[in-house]
Amino acid sequence: MYYVGIDLGGTNIAVGVCNEQYEIIATASAKTNCPRPCEEICADMVKVTEEAVAKAGLTMDQIASIGIGAPGAINPDTKTIEFANNLGFKFAPVGEIMERLTGKEIYIENDANAAAYGEAVAGAAKGTRNSVTITLGTGVGGGVIIDGKVFSGFNHFGTELGHTVIVRGGRHCSCGRDGCWEAYASASALIYQTKIAMVDHPESVMWALVDSDINRVSGRTAFDAMRKGDEAGTQVVDQYIGYVACGVANMINIFQPEVLCIGGGISREGERLLAPIRKEVEDTTYGRYSTKQPKIVAAQLGNDAGIIGAAFLGLSMK
């Protein structure tokens, strides 16, 4: 049999057809065109799913189930998106509508949780029963797998890992709190920190890297400057890695996962990012004297993690 995973975002609907080896064999996508009624978006999800299935040379009869990863607060028991601000949904019965339109069993989960499950079944945490996946993007997303299942708390609002506070009274976060990990460790936070350093250091090579246009700063700017021996860029990178490591150590103290995966564009920095994080974690976590230590690795699946994880959500429910 084959499985369909849908990554429903505020901008795009991405669909992948997976085989039993957790491989994506065909994809299709369309614009989400938010905001608009849930029924219309569900109809488009079905249309894109049928397109992907046809590309795979299959029929819908060969699809065992369909999983959906979506942003916001998801109740997988009722298959409802209870709230998703960037979709404009409140208590949207997505699962019910999709089951009616497709005749298939529908599973639905938060997109970060789906990505974490993807890494657990087919990526950097494959072969483990307990893992945490962190994504350093516009925000800090996260998902937790415990005993092979997605964990999200009794009301499904749990594992908002980016909204744990690492600096009390610190920078204001979009969630309403001050000092959240997301406000210091996201790619957006890194860009903010880079711009401040550039203003303070007009001699920095970072200005040349962006052609003197501060609006062109990206998550790579400070790292590229650091590789050129730029002191200001190096300071930004070291400070940023310290913030990331602080939150990672917290996650390990709480969950003690077999593997903690770090994804997002910044994870492409590889060992320049991971090695100092490992060192700080080794020196500061409560379990540092244990003979068994969590592994901190780069996530492997990239944008495919959400699709693969969604496709196999049915396994997590069993």
- Query: Amide H of Phe89: which non-local residues (sequence gap of 5 or more, or other chain) have their own amide H closer than 5 Å, using H built in the peptide plane?
  - Reply: Ala84
- Task: Output ³J(HN,Hα) for region 235-252: one whole-Hz value per residue in order, computed from phi by the Karplus curve 6.51 cos²θ - 1.76 cosθ + 1.60 with θ = phi - 60°, and x for Gly and Pro.
- Result: 5, 4, 4, 5, 5, 4, 4, x, 5, 4, 4, 4, x, 4, 4, 4, 4, 5
- Message: With θ taken as phi - 60° and the coefficients 6.51, -1.76 and 1.60, list the Karplus ³J(HN,Hα) couplings across region 269-285 in order, rounded to whole Hz; mark glycine and proline as x.
- Response: 5, x, 5, 5, 8, 6, 4, x, 5, 4, 4, 5, 4, 4, 8, 10, 6
- If you roll a 1.4 Å probe over region 45-171 with all protein chains in place, what percent of the accessible area is carbon or sulfur? 51
- Taking every DSSP beta bridge that has both residues in the chain, what percent is antiparallel when rounded to the nearest 5? 60
- Would you work out if region 1-154 is rounded, prolate or oblate? Take a ≥ b ≥ c from the square roots of the eigenvalues of the alpha-carbon gyration tensor; rounded if a/c is under 1.5, else prolate when a/b is larger than b/c, oblate otherwise. oblate
- Within the under-15-Å Cβ sphere about Ser267, not counting Ser267, Lys/Arg +1 and Asp/Glu -1 give a net charge of +1
- Message: What is the distance in Å between the Cα centroid of region 304-318 and that of region 197-272?
- Response: 31
- Task: At 7 Å along the Cα-to-beta-carbon direction for both Asp283 and Arg171, put a label point, then send me their distance in nm to one decimal.
- Result: 2.3
- Message: Using amide H atoms built in the peptide plane, which far-off residues or other-chain residues are under 5 Å from Ile68 H to H?
- Response: Ile6, Tyr107, Ile108, Glu109
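Take peptides 241-248, 3-10 and line them up by average Cβ neighbours within 10 Å, highest first, as a rough protection proxy. It would help to have the intermediate numbers written out before the result.
On the way: 241-248: 22.0, 3-10: 25.2.
Going from most to least packed, we get 3-10, 241-248.
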- Task: Determine ³J(HN,Hα), in whole Hz, for all residues of region 83-100 in sequence, where each value follows from phi through the Karplus function 6.51 cos²θ - 1.76 cosθ + 1.60 and θ = phi - 60°; x replaces Gly and Pro.
- Result: 7, 8, 5, 7, 9, x, 9, 9, 6, 8, x, 4, x, 4, 5, 5, 5, 5
- Rounded if a/c is under 1.5, else prolate if a/b is larger than b/c, else oblate: which is region 243-305, with a ≥ b ≥ c the root eigenvalues of its Cα gyration tensor? prolate
- Task: Taking amide H positions as placed in the peptide plane 1.01 Å from N, state which residues far from Thr135 in sequence (5 or more) or on other chains have amide H under 5 Å from it.
- Result: Gly141, Gly142, Gly263
- Max mean-square fluctuation residue, GNM over the chain, Cα-Cα springs under 10 Å, options Glu39, Glu203, Glu23: Glu203
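The values are calculated or read from the model by the stated rules, or taken from the named source; none is laboratory data. The shown structure was predicted, so the numbers you read here are calculated from the model rather than taken from an experiment. Methodologically, a virtual Cβ is constructed for each residue, glycine included, from the backbone with ideal geometry; neighbour enumeration extends over all protein chains shown. Ligands, DNA and RNA are stripped out before the accessible areas are found, and what is left, the full protein with its side chains, is counted by its heavy atoms. Shrake-Rupley method; radii C 1.70, N 1.55, O 1.52, S 1.80 Å.
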